[in-house]
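Contents: one structure, followed by commentary.
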Number of protein chains: 2
Amino acid sequence: MNKTAFYNLSYGVYVCTSWDEGRPVGCVANSAMQITSSPATIAVSLNHGNYTNKCVSDTGRFAIAVLGENVDPKLIGRFGFASSKDTDKFAETPYAVRGKMPVIDDCVCWFSCKVIDKMETATHTVFLGEVLDADVLRKDAPMTYAYYHKVLKGKTAANAPTYQAEEKSAGKYVCKICKYEYDGETPFEELPDDWTCPICGAPKSQFEKK
Amino acid sequence: MNKTAFYNLSYGVYVCTSWDEGRPVGCVANSAMQITSSPATIAVSLNHGNYTNKCVSDTGRFAIAVLGENVDPKLIGRFGFASSKDTDKFAETPYAVRGKMPVIDDCVCWFSCKVIDKMETATHTVFLGEVLDADVLRKDAPMTYAYYHKVLKGKTAANAPTYQAEEKSAGKYVCKICKYEYDGETPFEELPDDWTCPICGAPKSQFEKK
């Protein structure tokens, strides 16, 4: 099997949110798609290890926010490489309750969904949600996963459906939090002390040489 | 609910194929996504009205071919706007048996899958397939659904998950087969008699004025 074939499937980049006893929680998801148009339903795949998976199961509700190409990359770091179990991802994230769900402000559009079915797999749950409400917040082009990798040089969390173990690049500095690989013009050692990871905001001290 | 929000979900464009008692069948699908990485699984959503849905259910096998930006648009017309029940879509389509499944030659890469679960919805079946084999055939950029609509001016079949009834454009000539809306420089009436629909290959006589 040629595993590079998987790189040719096209996705968007989304933040899936829910409630944990009144507290907003969420994580980055890239596997979401419309399944039916009448009634409108959306399926989203969440890893069993995502705390948001548990909250969607418990509440039977989730929201999907579509990230735009101009999204603050730190938002992806915050929602993609930390756990809502022990992190308040919304503390520094502007959001509002939309369609009764917590929805981040920094998105192209959002869908508020009620779980009507689910399918379990070895590592992920596929939730099928009926869309109860939806709106567009701005005109920014929806970010594709290809754009995230090519333009933002983003990496994939180990619990994402699309994760494949990557070769370590010898001699490169890599963020321990989000796996971002520094490839700027300035040698890493010469970056100012207050420089932070462009994806997750981690300080320079969180980078290690591979 | 603002239904235009749905236009911001990102998809690729795929041809899903299967066997009908030894005869190759297939249809266009845009709702496909990887669900797990180990074992690798892919979910695809097919309308109950698609003959390919019945064949995937009967055989428990399907293949997904990822279409590239340079795909012959007539292939989308053939596989997206006709039924395998009464049409031999492969008669004029170069293909080969790959991973024991019929796979069109005109694709970026393909996946041969065994159905391991499925979820029924009001109008579609979501098949979960374990990927048994996969390969890349060429380097063409995978076509996104946005590219199909913007660059190829493609339309959506009425039984697709992403279909939403579109406003009819007054005075425009529209293909009765695939709903392609002619918007070329040359007035439609002045096009040569042997001109054919760039999407599905239908003759000029199959166009009607809206």
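Worth a mention:
- Condition check for B:Leu75: open to solvent by less than 50 Å² (accessible area, probe 1.4 Å), more than 17 Å from B:Gly129 (Cα to Cα), within 14 Å of another protein chain (Cβ to nearest Cβ) and touching a residue at least 12 places away in the same chain (Cβ under 8 Å): no
- Just one of (1) at positive phi; (2) open to solvent by 30 Å² or more (accessible area, probe 1.4 Å) fails for A:Gly99. It is (2).
- Pair list, Cβ under 6 Å, 6 or more apart: region A:107-122 residue closer than 19 Å to B:Met119 by Cβ, other residue surrounded by fewer than 16 Cβ atoms within 10 Å (Cβ to Cβ) and at pLDDT 95 or above: A:Val115/A:Gly60
- Test: residue in region B:51-64 that is facing another protein chain (nearest Cβ under 10 Å) and not hydroxyl-bearing (Ser, Thr, Tyr): yes
- When region A:59-91 is filtered for residues that are of a type in the set (Gly, Ala, Ser) and touching a Cys at 6+ places or on another chain (Cβ under 9 Å), the ones remaining, listed by number, are A:Ala63, A:Ala65, A:Gly68, A:Gly77, A:Gly80, A:Ala82, A:Ser83, A:Ser84.
The values are calculated or read from the model by the stated rules, or taken from the named source; none is laboratory data. All of these numbers come straight from a predicted model, not from anything done at the bench. A quick note on method: Cβ atoms are made from the backbone with ideal geometry, for glycine too, and the neighbour counts reach across all protein chains shown. The protein model used for the area step is the full one, side chains on, heavy atoms only, and it has no ligands, DNA or RNA in it. Shrake-Rupley method; radii C 1.70, N 1.55, O 1.52, S 1.80 Å.
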